[in-house]
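Below: the structure, in structure tokens.
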Amino acid sequence: MTQHLSCGLAQLEILCKQLYETTDTTVRHQAEKALVEFTNSPDCLSKCQLLLERGSSSYSQLLAATCLSKLVSRTSNPLPLEQRIDIRNYVLNYLATRPKLAAFVTQALIQLYARITKLGWFDCQKDDYVFRNVIADVTRFLQDSVEHCIIGVTILSQYVFADTTHPLTKHRKIASSFRDSSLFDIFTLSCNLLKQASGKNLNLNDESQHGLLMQLLKLSYNCLNYDFIGTSTDESSDDLCTVQIPTSWRSAFLDSSTLQLFFNLYHSIPPSLSPLVLSCLVQIASVRRSLFNNAERAKFLSHLVDGVKRILANPQCLPDPNNYHEFCRLLARLKSNYQLGELVKVENYPEVIRLIANFTVTSLQHWEFAPNSVHYLLSLWQRLAASVPYVKATEPHLLETYTPEVTKAYITSRLESVHVILRDGLEDPLDDAGLVQQQLDQLSTIGRCEYEKTCALLVQLFDQAAQSYQELLQSTNSSAADITVQEGRLTWLVYIIGAVIGGRVSFASTDEQDAMDGELVCRVLQLMNLTDSRLAQAGNERLELAMLSFFEQFRKIYIGDQVQKSSKLYRRLSEVLGLNDETMVLSVFIGKIITNLKYWGQCEPITSKTLQLLNDLSLGYPSHVVRKLVKLSAVQFMLNNHTSEHFSFLGVNNQSNLSDMRCRTTFYTALGRLLMVDLGEDEDQFEQFMLPLTAAFEAVAQMLSTNTFNEQEAKRTLVGLVRDLRGIAFAFNAKTSFMMLFDWIYPAYMPILQRAIELWYHDPACTTPVLKLMAELVHNRSQRLQFDVSSPNGILLFRETSKMITTYGNRILTLGEVPKDQVYGVKLKGVSVCFAMLKAVLSGNYVNFGVFRLYGDDALDNALQTFIKLLLSIPHSDLLDYPKLSQSFYSLLEVLTQDHMNFIASLEPHVVMYILSSISEGLTALDTMVCTGCCSSLDHIVTYLFKQLSRSTKKRPAPMASDDRFLHIMQQHPEMIQQMLSTVLNIIIFEDCRNQWSMSRPLLGLILLNEKYFADLRNSIVNSQPPEKQQAMHLCFENLMEGIERNLLTKNRDRFTQNLSVFRREVNDSMKNSTYGVNSNDMMS
């Protein structure tokens, strides 16, 4: 037997080596497959122990630790409590007797320990919570060698950080209970150990002592970074973060020694560790304001600012990029968490603000160093500048002195960077549009503080750059490199001018500031005239994108009602450029749009941003702007000449690929809106506008009618055409204009769309635009699809929809297995559009669906059966993994359960179970729209069931066979409805339920259908509470059903919804401060 085990172990060791060391992918894949089989084998547990005991390689120990983690985490057939306690004790002893294991093995074993203890947090043995004595478990490590200390601290760190892979509800209960019972003790322990370490003059050149200090700092950081209230903030919103320290921690923060500990550590340890210290300080600086009263907060802020001043006065460690980054974050928190009125009252404020300003200016001048950290410095100054109008303190804030210095440093450093970037071939920050936009948004506020100085600087720099640029263009021997440098400088200046004009919205503006805006706008428009005149020879893409950014800001601030026409800006434009009113300014906008589309049609970034500007102008807010636009000759030119001859991006043959045509939809949406202004009922004008599209449709029809045609050309023409039509259909949201479009496309051109789906169903670049057009045509937006009483068009339109869904669905299912990385693009995206199309037509209120069965028409049946086939081809996980698919599916399901429940009831048992499982999973989705749709669908199903049961008990005439079958399925599988009852109740009681009203609607029906199960569930929840709270919880449930009758009438439902609101509030009050809690897994079973 022993020999057999040894043989098995030797084989496992070989497989581990193959998995982790081999470069041969085939061998690795086979080893992985064999090891997966091993983890699922019944003797896995005993073999893991043998591997740990006798394994000769670190890889086999790692395998054992990983397998044990999977075993203790499994929810089906979980390990018994005694076995888990044994594993926990074994792991601790193993770590204690082998302190020099490979780092990755130690880490895997520590993760195993953390997972066992966290998952077993609520497990009792003889009234003792056996997995909660973690500090006691770790103490023996902390009293031993440095290596043991490192293991002990790492265990605590991992324990604080541990992910339980449990359902969200249970995870939050464990996290809250751990926070209330153990976390502060661990944080206090980490601070005490840090104090001891800092007092001992550690030899940090010793690797193990260095490692111990690093683990202690990580532990402190993990405690401060704990998700205290279950919000799991996204790190991208880093600068808005507040650390929700519990009130019970107040003592640690009122005592300045905690803050001083970390500042002292920063100055006494090597730069390699100080970023961790600064990360802890960032968290401490972000402690919620309400933890202190005003006097305590002022004292805490004073210590914090003193610490920052000390770092700025001794900046030796800041050249390290990690230190610098964390210190910038710390500075940003000074303003995100404290008010300017509080900062100015700090004793050393004048000195500190001077040091911060100097640090910021130096940082901006060294633009190539740590560019990602600049965001935090600009964020600090943006918040400071925005607060100036509101500060009530009498102490001077001195921002009028220092903010212009920051503005100047940013602007001049960006201009100086252009030459260096070109000379050294560095990466140009202008290519990172997101980063540039973020910085400009911040600068827009900073630059508006002391705006006169900002404008004077911009005018001076712009005039110098523009003059140099003109001289270079006129000179015959100027180099291309010199011209590119000046264009780069002008690009930055145009971006910055656009930003500071956009900043007007944040401040009360004066006439003088509007006149300054006028000076800046005139200069940019003069530069535009110069660059546009050269486009036939050469153009600069980055400068054009900057111009579009400027126009967008200018439009937001100065076009429309929000600015009086007497504004000094318009006066200045009139004096310098002869632009006397808004109409003339609009003509400049349209002129620029047409110029860009003419010369930059092949440049996608410029084309799409230009069309977005046109689209924004056409939206018609306020309405007089769009009326002025339509009267412009340039707009009339666009409406009458939207062909590739004038706008090259509408061309077919020169497109690099089909997806580049997306911008055409934007173009035609804008044109459609402009056309509608004066269209009225003028069919001739509409026909005239549609002539290019008519010609394109005829060309496609001609190609498809022959056996030999150029497929690529046909596809390109069709895709461009359907994208154009979708733009027009989206814009036409009035009945008169939409009916003109409908009569134009149906029946003449619909067969071409159907034929395209038949031919190219496997090519999503072609089918998705066609399907999206159809989904737009059947969407009854603003009640635009209102057919006359004698018109069959609603039914005919549905037939076409049904035919397209059926054609596409049946053909896409023939593709078979699609690789996971391509499944969304090739299949699921089209399926999602089909679901959205079907939902739009079923809920459009322009078709009487009863007609189809009455006259033996199978259009409705075909569409619904195709939906079921498509649905069954999609795994449950995909339904929730792809947001667009889940939204279109669940909104369609809501319509089907509301209006076509007879169809749902007639489905096969496995289909019904699939739909119910998808609802069950959707109830816990993070997307509120999906969750609400599931509640609504569940409500319709439960109501239908309840009515059928009521009818059968009242001995009404025999129901349809499908109704009988549906009832039978539900009676065969009561666990499905019961599980959904416990899920809904669970969410309402234990989670942050954001759609309580929606959750309440199906809950009453679920309770009435499962009264015995509900009673058991109620008892289990009551019994899980501490003895002194059980009576209160029992009363909550009694009150929930107070005055509720056994029916689902609206009045009864409304009363239940009100009761539920009170119930949730009372239950939350009752459960506060209780570390007990129902085990949600028990509840869900």
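The values are calculated or read from the model by the stated rules, or taken from the named source; none is laboratory data. Quick caveat, the model's predicted, so the values are computed rather than measured. Don't worry about glycine lacking a Cβ; one is built from the backbone with ideal geometry, like all the others, and counts go over all protein chains shown. Heavy atoms of the whole protein, side chains included, go into the accessibility calculation; ligands, DNA and RNA do not. Shrake-Rupley method; radii C 1.70, N 1.55, O 1.52, S 1.80 Å.
Here's the yes/no breakdown for (1) over 24 Å from E427 (Cβ atoms); (2) in a helix (DSSP H, G or I); (3) open to solvent by 50 Å² or more (accessible area, probe 1.4 Å); (4) among the acidic types (D, E):
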position: F262; (1), (2), (3), (4): yes, yes, no, no
position: V277; (1), (2), (3), (4): yes, yes, no, no
position: A298; (1), (2), (3), (4): yes, yes, yes, no
position: G307; (1), (2), (3), (4): yes, yes, no, no
position: R329; (1), (2), (3), (4): no, yes, no, no
position: V361; (1), (2), (3), (4): no, yes, no, no
position: E368; (1), (2), (3), (4): no, no, yes, yes
position: N372; (1), (2), (3), (4): no, yes, yes, no
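Being under 34 Å from the mean Cα position of the chain (by Cα) and polar (S, T, N, Q) is the filter; apply it to the stretch 337-356 and report the residue that is least open to solvent (accessible area, probe 1.4 Å).
Top of the filtered list is N337.
Working carefully through the options N653, N615, find the one that is modelled with pLDDT under 85 and open to solvent by 20 Å² or more (accessible area, probe 1.4 Å).
Matching residue, one of N653, N615: N653.
Select from the stretch 309-327 the residues that are in a helix (DSSP H, G or I) and among the charged types (D, E, K, R) and write down the one among them that is least open to solvent (accessible area, probe 1.4 Å).
Looking at residues that are in a helix (DSSP H, G or I) and among the charged types (D, E, K, R), I get E326.
Would you confirm whether any residue within the stretch 802-823 is charged (D, E, K, R), touching a residue at least 60 places away in the same chain (Cβ under 8 Å) and closer than 24 Å to P747 by Cβ?
Checking the stretch 802-823: not a single residue is charged (D, E, K, R), touching a residue at least 60 places away in the same chain (Cβ under 8 Å) and closer than 24 Å to P747 by Cβ.
Within the stretch 1018-1070, restricting attention to residues that are hydroxyl-bearing (S, T, Y) and open to solvent by less than 70 Å² (accessible area, probe 1.4 Å), which residue is modelled with the lowest pLDDT?
Checked the stretch 1018-1070; the qualifying residue modelled with the lowest pLDDT is S1070.
Are any of the residues in the stretch 836-845 open to solvent by less than 10 Å² (accessible area, probe 1.4 Å) and not in a helix (DSSP H, G or I)?
Yes, the stretch 836-845 contains at least one residue that is open to solvent by less than 10 Å² (accessible area, probe 1.4 Å) and not in a helix (DSSP H, G or I).
For the stretch 970-998, which positions are under 26 Å from N1068 (Cβ atoms) and not in a helix (DSSP H, G or I)?
E991, D992, C993, R994, N995
Kindly provide the set of residues from the stretch 129-144 that are open to solvent by 80 Å² or more (accessible area, probe 1.4 Å) and either part of a helix (DSSP H, G or I) or at pLDDT below 80 (or both), ordered by number.
Answer for the stretch 129-144, where residues must be open to solvent by 80 Å² or more (accessible area, probe 1.4 Å) and either part of a helix (DSSP H, G or I) or at pLDDT below 80 (or both): R140, D144.
Between N77, N40, which is closer than 23 Å to D123 by Cα, free of Cβ contacts under 8 Å to residues at least 12 places away in the same chain, within 37 Å of the chain's Cα centre (by Cα) and loosely packed, with under 14 Cβ neighbours inside 10 Å?
N77
Name the residue, out of L62, L112, that is in a helix (DSSP H, G or I), within 20 Å of F38 (Cβ to Cβ), touching a residue at least 12 places away in the same chain (Cβ under 8 Å) and open to solvent by 20 Å² or more (accessible area, probe 1.4 Å).
On inspection, the qualifying residue turns out to be L62.
For the stretch 981-994, name all the residues that are open to solvent by less than 20 Å² (accessible area, probe 1.4 Å) and either more than 16 Å from T943 (Cβ to Cβ) or among the charged types (D, E, K, R) (or both).
S982, T983, L985, N986, I987, I988, I989, C993 - these are the residues of the stretch 981-994 that are open to solvent by less than 20 Å² (accessible area, probe 1.4 Å) and either more than 16 Å from T943 (Cβ to Cβ) or among the charged types (D, E, K, R) (or both).
Only residues in the stretch 901-929 that are part of a loop (DSSP other than H, G, I, E, B) count as the first member; pair them with residues that are among the aromatic types (F, W, Y), Cβ under 8 angstrom, at least 6 apart or cross-chain, and list the lot.
Cβ pairs passing all conditions: S906/F966.
In this structure, does R784 turn out to be open to solvent by 50 Å² or more (accessible area, probe 1.4 Å) and either within 24 Å of N845 (Cα to Cα) or modelled with pLDDT of 90 or more (or both)?
Working: open to solvent by 50 Å² or more (accessible area, probe 1.4 Å): no; either within 24 Å of N845 (Cα to Cα) or modelled with pLDDT of 90 or more (or both): yes.
Judged against the criteria, R784 is not a match.
In contact (Cβ under 8 Å) with a residue 24 or more places away in the chain, within 14 Å of A252 (Cβ to Cβ) and of a type in the set (V, I, T): does that describe V282?
Judged against the criteria, V282 is not a match.
In the stretch 668-696, what residues are over 18 Å from D724 (Cα atoms) and either modelled with pLDDT of 90 or more or within 43 Å of the chain's Cα centre (by Cα) (or both)?
Once the filter is applied, which keeps residues that are over 18 Å from D724 (Cα atoms) and either modelled with pLDDT of 90 or more or within 43 Å of the chain's Cα centre (by Cα) (or both), the stretch 668-696 yields V677, D678, L679, G680, E683, D684.
Residues in the stretch 874-889: is at least one of a type in the set (S, T, Y) and open to solvent by 30 Å² or more (accessible area, probe 1.4 Å)?
Yes, the conditions are met somewhere in the stretch 874-889.
With respect to M1083, is the statement that it is modelled with pLDDT under 80, in a helix (DSSP H, G or I) and either open to solvent by less than 20 Å² (accessible area, probe 1.4 Å) or in contact with a strand residue (DSSP E or B) (Cβ under 7 Å, 6 or more places away or on another chain) (or both) true?
Criteria met by M1083.
Would you confirm, using the coordinates I've provided, whether G809 is small (G, A, S) and either in contact with a His (Cβ under 8 Å, 6 or more places away or on another chain) or over 23 Å from D857 (Cβ atoms) (or both)?
no
If you check V930 against the conditions, is it of a type in the set (A, V, I, L, M, F, W, C), under 27 Å from L1004 (Cβ atoms) and in contact with a Phe, Trp or Tyr (Cβ under 6 Å, 6 or more places away or on another chain)? Before the answer, list the steps.
On the way: of a type in the set (A, V, I, L, M, F, W, C): yes; under 27 Å from L1004 (Cβ atoms): yes; in contact with a Phe, Trp or Tyr (Cβ under 6 Å, 6 or more places away or on another chain): yes.
Yes; evaluated as a whole, the condition is true for this residue.
Mind listing whichever residues of the stretch 988-1012 are more than 23 Å from T1050 (Cα to Cα) and at pLDDT below 80?
I989, F990, E991, D992
Looking at (1) among the charged types (D, E, K, R); (2) over 12 Å from L981 (Cβ atoms); (3) in contact with a helix residue (DSSP H, G or I) (Cβ under 6 Å, 6 or more places away or on another chain), find the lone condition where R1018 falls short.
R1018 satisfies every listed condition except (2).
Condition test on A729, is it modelled with pLDDT of 90 or more and among the small types (G, A, S)?
On the way: modelled with pLDDT of 90 or more: yes; among the small types (G, A, S): yes.
Yes.
Collect the residues in the stretch 401-429 that are open to solvent by less than 10 Å² (accessible area, probe 1.4 Å), closer than 15 Å to A357 by Cβ and not aromatic (F, W, Y), keeping them in residue-number order.
Those that are open to solvent by less than 10 Å² (accessible area, probe 1.4 Å), closer than 15 Å to A357 by Cβ and not aromatic (F, W, Y): T403, V406, T407, A409, S413.
If we only count helices (runs of 4 or more DSSP H) wholly inside the stretch 505-582, which ones have 3 or more residues that are surrounded by 19 or more Cβ atoms within 10 Å (Cβ to Cβ) and under 39 Å from the mean Cα position of the chain (by Cα)?
Per the criteria, 511-533, 541-558.
Of all residues in the stretch 442-475, which are assigned to a helix (DSSP H, G or I), surrounded by 15 or more Cβ atoms within 10 Å (Cβ to Cβ) and not hydrophobic (A, V, I, L, M, F, W, C)?
Of everything in the stretch 442-475, those that are assigned to a helix (DSSP H, G or I), surrounded by 15 or more Cβ atoms within 10 Å (Cβ to Cβ) and not hydrophobic (A, V, I, L, M, F, W, C) turn out to be Q442, S444, T445, G447, R448, Y451, K453, T454, S468, Y469.
Across the stretch 692-748, which residue is farthest from L773 (Cα to Cα) among those that are in contact with an Asp or Glu (Cβ under 9 Å, 6 or more places away or on another chain) and not in a helix (DSSP H, G or I)?
Only one residue tops the list, namely P747.
Filter the stretch 749-798 for residues that are free of Cβ contacts under 8 Å to residues at least 24 places away in the same chain and outside any helix (DSSP H, G or I) and give the result.
If the condition is that a residue be free of Cβ contacts under 8 Å to residues at least 24 places away in the same chain and outside any helix (DSSP H, G or I), then D788, V789, S790, S791, P792 are the ones that fit.
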